[in-house]
Amino acid sequence: MSVVQREHQQHFPRPGWVEHDATEIWRNLSKIVPEALAQAGASAEQVVGLGIANQRETTVLWDRRTGVPVGRAIVWQDTRTDGMIEQLEKEPGAKRVRELCGLPLATYFSAPKIRWLLDQTPGLQERAERGEVLFGTIESWLIWNLTGGLHITDVTNASRTMLMNLRTLAWDPQLLAFFDIPHAMLPEIRSSTEVYGTTATVVPGIRIAAALGDQQAALFGQTCFAPGEAKCTYGTGSFLLLNTGQNLVLSTHGMLTTVGFKIGDEPAVYALEGSIAVTGSLVQWFRDGLELISSAPEIETLARTVEDNGGCYIVPAFSGLFAPHWHSEARGVIAGLTSYITKGHLARAVLEATGWQTREVVDAMNADSGLALSTLKVDGGMTADNLLMQFIADVLDVPVVRPMVAETVSLGAAYAAGLSVGYWPDLEGLRRNWHRAGQWQPAMSPARRDTEYAHWRQAVELTFGWMRPASGSRRPAGTDLIEVILDDHRRIEHLLRELRNEDADRAKVLAELSAMLTAHFTATERVLHRRTEISADLVSLSEQDLLALEETISAHIRDEERSLLNELRKSLSPSDRTALGRAFKAEQSRHLTPVQRFEAVVAHSVTARLPNG
């Protein structure tokens, strides 16, 4: 075996823009393939097949005649199309997009990037309509160059463009019309494992026999071939994929629906994907930002200096929260700080954040798929941390397994190519070729697991709503039920604080608080069928009774945010949450006077305009 790598340059021409030079990537590949063969002492004749795994969503447009890119490739992290996405969300066909392609409207995927490129250059749209300008993700670009003009992609990469119908596995006319992208510029969609063609350059004569997006290649390399099998790749961020078999599951819990792989003429195998924005990069922040360690591996040693996290939780929402929450306005918090906390507790909280985020994604996937995860296969740099792997096994309550070959993305591409040309006879042959290097069994008690998970979710709630838009205003009546309840909590807590304000109009505050509690408890009972045994009659209560009531109400709010809101996130679809939000607000309005409703609106609007929450 030989491994040859060459880094290509990242370009950041403006804030939020991320670009790669597609020609540089091709030039690097042209050099490293012969080097890899030379290191292995192999000739082209000895290579039975070539498999390609690539960074998904990154978008390249090039001239069909000259083969020259029209500009730099736009990378998946690039957010230049955020304004376009806001406009597209208002279009009549926006709701159909996710139903057809399994993906939400987001800057992440290829279609908005293609649209942006076509809009920027005069005449490019017309050339694309004539088939003179071609689109491809990186594997398409490389196959085009390797073969001298074969324009194809595979189903896994096509499923990340927002243009492929997940059921037909073909470019969808409705999606093409929605984004106004010409069919003539798109590659032919093929399976993940078949002989597409033969290399005509670099090392001529090698069969190109497989192509998969990188995370799907890791799923294949981990031999997650059966429904319910899952892998998680732990890098700076983390990607967890769950095989759902031939069952296409449209998520109602914040997951992405994607094609896992397609073997030749066999039916496609689908997957649910959960992406976690910050895992390994949190360790980097602990090292470089806080300077509490000098190298990433030191964090495990430091974390082992204490028995637990000391009640401290770190939620790393540095740029919002990804799956399953998708709160772009969230910002990170360190919760539970006391004078008892040491840097060892912080180190453990950093590692545990990755474990708890994995638990949230797995819970959402289990709820979506109806499958119960039995084992999690892991890969990536963070799997060298044994304490972290044990913690993940503990919080998931399933074994965590690390393979012998760490480069599962490359391994998956090789497995797929070998299967395509008959080097391996079938999937069972690949399973026998996979070997375990390490395994961690769950050892945490159920009671401790449940208690700590509740604390984690309480900490996550604290991140919501931190960054509000400057022009923020009250949400419309048909808003998300969870946000409606959280707004109530914020208003009730504000009124409780006002009771301790000597300058406040106590009678007015008590009257509004009583009305708010009555409205909230009644709506909770009638809309959600949950009864609350707390009296909202505050006028006749003594000072001591009010203090006791304040503690009771605060405990009630904490309980709702730990249990009720989490139940709603798991059990309700976004449309159900919107419908129930309308019903909840309607029920509340029956118990609030116009003045009280107006004051609640003003209080929310003032909060919304604050820059930090």
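Overview of values
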| quantity | calculated |
| --- | --- |
| For the stretch 269-386: rounded, prolate or oblate by the Cα gyration tensor [a/c cutoff 1.5] | prolate |
| Relative contact order, percent, the stretch 1-130 [alpha-carbon distance under 8 Å, six or more residues apart] | 22 percent |
| Surrounding net charge for residue 334, when Lys and Arg each add one and Asp and Glu each subtract one, Cβ distance under 13 Å | +2 |
| Share antiparallel - DSSP beta bridges, the chain, percent rounded to 5 | 70 percent |
| Packing rank of 414-420, 367-373, 216-222, where each peptide gets the mean count of other beta carbons within 10 Å, highest leading | 216-222, 414-420, 367-373 |
| Computed Rg/Rh of the stretch 62-210, alpha carbon atoms with Kirkwood Rh | 0.97 |
| Between the stretch 2-53 and the stretch 204-280, the alpha-carbon center distance in angstrom | 22 Å |
| Hz values of 3J(HN,Hα) by residue in the stretch 169-181 - Karplus curve (6.51, -1.76, 1.60), Gly and Pro given as x | 6, 10, 4, 9, x, 5, 5, 4, 5, 4, 8, 6, 10 |
| Net +/- balance of residues flanking residue 160 in space, Cβ distance below 10 Å, scoring K and R +1, D and E -1 | -1 |
| Out-of-range pairs (alpha-carbon distance over 31 Å; input 113/377; 508/585; 113/262; 90/377) | 113/377; 90/377 |
| Sites residue 450 and residue 551 - FRET efficiency at Förster radius 30 Å, r taken between beta-carbons, to 0.05 | 0.80 |
| Dimensions in Å of the stretch 1-117 - Rg and Dmax from alpha carbons | 18.4, 59 |
| Accessible surface of the chain [probe 1.4 Å, protein heavy atoms]: carbon and sulfur percent | 52 percent |
| Helical mean residue ellipticity (222 nm; -39500 (n - 2.57) per DSSP H run of 4+; nearest 500) of the chain | -14000 deg cm²/dmol |
| Helix 138-147 vs. the chain, principal-axis angle (Cα, 0 to 90°, nearest 10) | 0 degrees |
| Equivalent ellipsoid semi-axes, the stretch 350-494, via Cα gyration tensor eigenvalues times 5, rooted, Å | 40, 21, 14 |
| Neighbour count of at most 13 Cβ within 10 Å plus DSSP loop: longest GluC sites (Glu not before Pro)-free window in the chain | 90-290 |
| Whole-percent pair-distance distribution, where bins are 5 Å wide, for the alpha carbons of the stretch 65-104 | 5, 17, 17, 21, 15, 12, 10, 3 |
| Tilt relative to the chain, helix 506-528 - C-alpha long axis, 0 to 90 degrees, to 10 | 50 degrees |
| Formal net charge of residues neighbouring residue 244 (Cβ-Cβ distance under 11 Å; K, R +1; D, E -1) | -3 |
| The stretch 409-422 - phi-based ³J(HN,Hα) in whole Hz, Karplus 6.51/-1.76/1.60, Gly and Pro as x | 5, 4, 4, x, 5, 5, 4, 5, 5, x, 5, 4, 9, x |
| Rounded tilt (10° steps) of 386-396 against the dominant C-alpha axis of the chain | 60 degrees |
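The values are calculated or read from the model by the stated rules, or taken from the named source; none is laboratory data. All of these numbers come straight from a predicted model, not from anything done at the bench. Cβ sites come from the backbone with ideal geometry, for glycine too, and all protein chains shown count toward neighbours. Areas reflect the complete protein model, heavy atoms only, side chains present, ligands, DNA and RNA absent. Shrake-Rupley method; radii C 1.70, N 1.55, O 1.52, S 1.80 Å.
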